[in-house]
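Undergrad: My questions all concern the structure below.
The values are calculated or read from the model by the stated rules, or taken from the named source; none is laboratory data. Keep in mind that this is a model prediction, so the values were computed, not measured. All Cβ positions, glycine included, derive from the backbone under ideal geometry; neighbour counts span all protein chains shown. Quick note on the areas: whole protein, heavy atoms, side chains included, nothing else; ligands and nucleic acids left out. Shrake-Rupley method; radii C 1.70, N 1.55, O 1.52, S 1.80 Å.
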Amino acid sequence: MIKVIGLFAALLMLVMGSSNQVRAQETKVRWFGHAAFSVTTPKGKVLLIDPWLRNPSNPEAKDGKDPLASLTRVDYILLTHGHRDHVGDAVEIAKKTGAVLVCNPELAGNLVKLADFPSKQAETEAIMGIGGEITIADGEVIVAMTPAVHSSSVFNPKAGPSEPERAYGGNPAGFVVMVKDGPTIYHSGDTAYFKDMETIGEEYKVDLALLNIGGHFGMEPRMAARAAKSVGARLAVPQHYATFPGIAADAGEFAAELKKLGVPFYEMKPGETVTFRGREMKRK
Ligand code: NI
Ligand code: MN
């Protein structure tokens, strides 16, 4: 009998202990400016999306500072497409951290061939296509690759008379990143609005939508707000703007349009980190 009570006590402590852990579980989302974000899971895995860390908006890249210097751990690099403002510093980061590449096979192949991306990190089961879902980070994260209406090519540093300046980058994409005990995050990449964003919203319960609002090359702020509504975002955050000439300078119009549509808005500052407890963002 004493043994049974002891067992119950042990079980009770185990259950209480784990629920305390659940309460303490936090996911961190950081914006480096432009389309570059990191997601740090409750268990400490680090995903980088479109890691152009040396973009001019990143405070860590100012005054001669190198944002890659402080980068210690990266487990996965997710690339929406091959354009330079999205591939960014992926090759250098991969070499420095051993991070595994998550993108389409054509982009991966050409990054290895033309940009010296470490092949072992680019030739794994994390190479995927639109419509697919993969489980990574020891089961803690599911990544779905979603469509984007855009173009995709890889800048070829070895371009010359016989080699074109741009190589094929496969289809451009977006990502839905589902963190266990954390938020579901939609990163639109660089895209036009498309009505099937509604399907993304129906299929995935999007807690946080990171939407390109800069216009010119992709969604104008008005259509980005419509995208937020279509994916059913519980919170919309703008990205891909004010980094270089030609893309919208501020998020005001996006915020105003979101207000009309009843979608909550949050403006991150480059360099800012927000914290999620479970699926909820902690407000300061
Ligand atoms: Ni692009
Ligand atoms: Mn872009």
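Undergrad: What ranking do 213-221, 92-100 get when scored by the average of other Cβ atoms within 10 Å per residue, highest first? Intermediate results must be reported in sequence, preceding the final value.
TA: On the way: 213-221: 21.9, 92-100: 18.3.
Listed from highest to lowest mean packing, they are 213-221, 92-100.
Undergrad: What is the antiparallel percent of DSSP beta bridges lying wholly in the range 26-281, to the nearest 5?
TA: Working: 33 of 47 bridges.
Beta bridges within the range 26-281, antiparallel portion: roughly 70 percent.
Undergrad: Rounded to a whole number, what % of the accessible area of the chain do carbon and sulfur atoms account for, probe 1.4 Å? Walk me through the intermediate numbers first.
TA: Working: 7500 of 13280 Å².
For the chain, the apolar C and S fraction of the accessible surface comes to 57 percent.
Undergrad: Summing Lys, Arg as +1 and Asp, Glu as -1, what charge do residues with Cβ under 15 Å from the Cβ of residue 247 carry, residue 247 excluded? Provide the component values of the computation, followed by the final result.
TA: Details: positive: 84, 222; negative: 50, 85, 190, 220, 250, 253.
Once positives and negatives cancel, what remains is -4.
Undergrad: Something else: Any idea what angle helix 221-230 forms with the longest principal axis of the chain, computed on alpha-carbon atoms, 0 to 90 degrees, nearest 10?
TA: Orientation of helix 221-230: about 40 degrees from the principal axis.
Undergrad: Going by accessible area, probe 1.4 Å, with all protein chains left in place, what is the ranking of 162, 119, 152, largest first?
TA: 162, 119, 152
Undergrad: Cross-link partners among aspartates and glutamates for residue 158, C-alpha distance below 16 Å, same-chain residues fewer than 8 apart left out?
TA: Cα-Cα hits under 16 Å: 116.
Undergrad: For the chain, take every pair of Cα atoms, bin their distances at 10 Å starting from 0, and report each bin as a whole percent.
TA: Answer for the chain: a P(r) of 7, 28, 35, 19, 6, 3, 1, 0, 0 percent.
Undergrad: Leaving out ligands and nucleic acids, and using a 1.4 Å probe, what accessible area per residue does the chain come to in Å²? Could you put the intermediate results ahead of the total?
TA: Numbers: 13280 Å² over 284 residues.
Ligands and nucleic acids excluded, the figure is 47 Å² per residue.
Undergrad: May I pose another question? At a Cα cut-off below 21 Å, give the lysines reachable from residue 205, other chains included and same-chain residues fewer than 8 away excluded.
TA: 28, 180, 195, 229, 259, 282
Undergrad: Follow-up question, since we're still on this one. Tally Lys/Arg at +1 and Asp/Glu at -1 over every other residue whose Cβ is under 13 Å from the Cβ of residue 142; what's the total? All intermediate terms of the calculation are to be shown ahead of the outcome.
TA: Working: positive: 45, 180, 205; negative: 133, 138, 140, 181, 203.
Once all neighbours under 13 Å are counted, the net charge is -2.
Undergrad: Excluding residue 198 itself, calculate the net charge of residues whose Cβ lies under 13 Å from the Cβ of residue 198, where each Lys or Arg counts +1 and each Asp or Glu counts -1.
TA: Result for the neighbourhood of residue 198: 0.
Undergrad: Any idea what the dipole of the chain comes to, in debye rounded to 20, about its Cα centre with Lys/Arg Cβ at +1 and Asp/Glu Cβ at -1?
TA: Numbers: 32 positive and 32 negative charges, 194 e Å.
My answer is approximately 940 debye.
Undergrad: Over the chain, calculate the relative contact order: mean separation of alpha carbon pairs under 8 Å at least 6 apart, over the residue count, as a percent.
TA: On the way: 651 pairs, mean separation 48.9, N = 284.
Rounded, it is 17 percent for the chain.
Undergrad: Relative to the longest principal Cα axis of the chain, at what angle does helix 252-261 sit, 0 to 90 degrees, rounded to 10?
TA: 50
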